[in-house]
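Undergrad: Take a look at this one; I'll ask things after.
The values are calculated or read from the model by the stated rules, or taken from the named source; none is laboratory data. Here the structure is a predicted model, which is why all the values come from computation and not from measurement. Positions of Cβ are backbone-derived with ideal geometry, glycine not excepted, and every protein chain shown enters the neighbour counts.
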Amino acid sequence: MVYGAERPGQPKPNPDMPSTPRGPSVPSHVVDQWCAHMRSKGIKRVLCLLSDSELSFYSDPLLPQLAAHFETSTPPETESESAGGETASSQAKRVLRIEPQAEDALVSIVASLKAAVAAQEPVVVFCSTGQARTGMVLSFWLHHAYALSIVAAVRFHTSAKIPCTSSRLLFLVVVLRLFMRSILRQQCRK
């Protein structure tokens with residue numbers, strides 16, 4: 001139900017380079033192809049972890065393009081056939097962008113993924129290369145949803161994808177820090 005990917009138009013993710021160099025603007029038809037591919041795999045929701053600067057990689061604003069494909073249950077070309085069948089609130093939750101550095105990011109991410117699973121709507125999480133931020137979120141989800149230890153969740157996630165490199169193993173440190181920061185915040189609020 002919860003999957004990970006690289007951003008629409010990412011040239012070719014390189015496991016040794018988990019950051020994205022700026023290239024030419026990504027045209028709308030490339031975003032449409034990415035969305036069509038995701039929909040063909042049964043994806044119903046999108047969780048975007050791109051930064052403001054990464055959102056500028058697109059020739060047209062990315063989030064409205066994603067919304068055109070995922071905020072309804074049918075692709076854009078047949079959207080009028082099903083108009084009115086869903087509430088605005090259920091549509092609004094299908095495309096969500098969460099700034100990973102936001103104070104409440106973990107709470108928002110978990111709530112979004114729980115909602116997708118509860119609705120039985122497969123969700124794809126993506127950052128620029130589909131490695132660092134996406135990997136952290138997927139590892140944290142495994143920990144949260146399946147009660148795996150953080151170490152086990154990170155190992156499971158990294159073994160299920162491309163071979164681990166030194167940069168991929170940094171997930172463990174980052175995920176542990178993210179998790180501990182969240183716990184400390186919750187304890188301070190009590």
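Undergrad: Regarding L96, is this residue modelled with pLDDT under 95 and under 17 Å from A115 (Cβ atoms)? Can you show your working first?
TA: Numbers: modelled with pLDDT under 95: yes; under 17 Å from A115 (Cβ atoms): yes.
Yes; evaluated as a whole, the condition is true for this residue.
Undergrad: Restricted to the range 129-153, and to residues that are assigned to a loop (DSSP other than H, G, I, E, B) and surrounded by fewer than 21 Cβ atoms within 10 Å (Cβ to Cβ), which residue is modelled with the highest pLDDT? Full working, then the answer.
TA: Going through the range 129-153, the residues assigned to a loop (DSSP other than H, G, I, E, B) turn out to be 129-131, 147-149.
Subsequent filtering for residues that are surrounded by fewer than 21 Cβ atoms within 10 Å (Cβ to Cβ) retains 147-149.
Details: A147: 85, L148: 81, S149: 80.
Applying the filter and picking the extreme gives A147.
Undergrad: Just to check your reading of the model, which residue among F171, F126, F156 is modelled with pLDDT of 80 or more and either within 30 Å of E71 (Cα to Cα) or surrounded by 15 or more Cβ atoms within 10 Å (Cβ to Cβ) (or both)?
TA: Numbers: F171 fails: modelled with pLDDT of 80 or more; F156 fails: modelled with pLDDT of 80 or more.
Result: F126 is the single residue among F171, F126, F156 that is modelled with pLDDT of 80 or more and either within 30 Å of E71 (Cα to Cα) or surrounded by 15 or more Cβ atoms within 10 Å (Cβ to Cβ) (or both).
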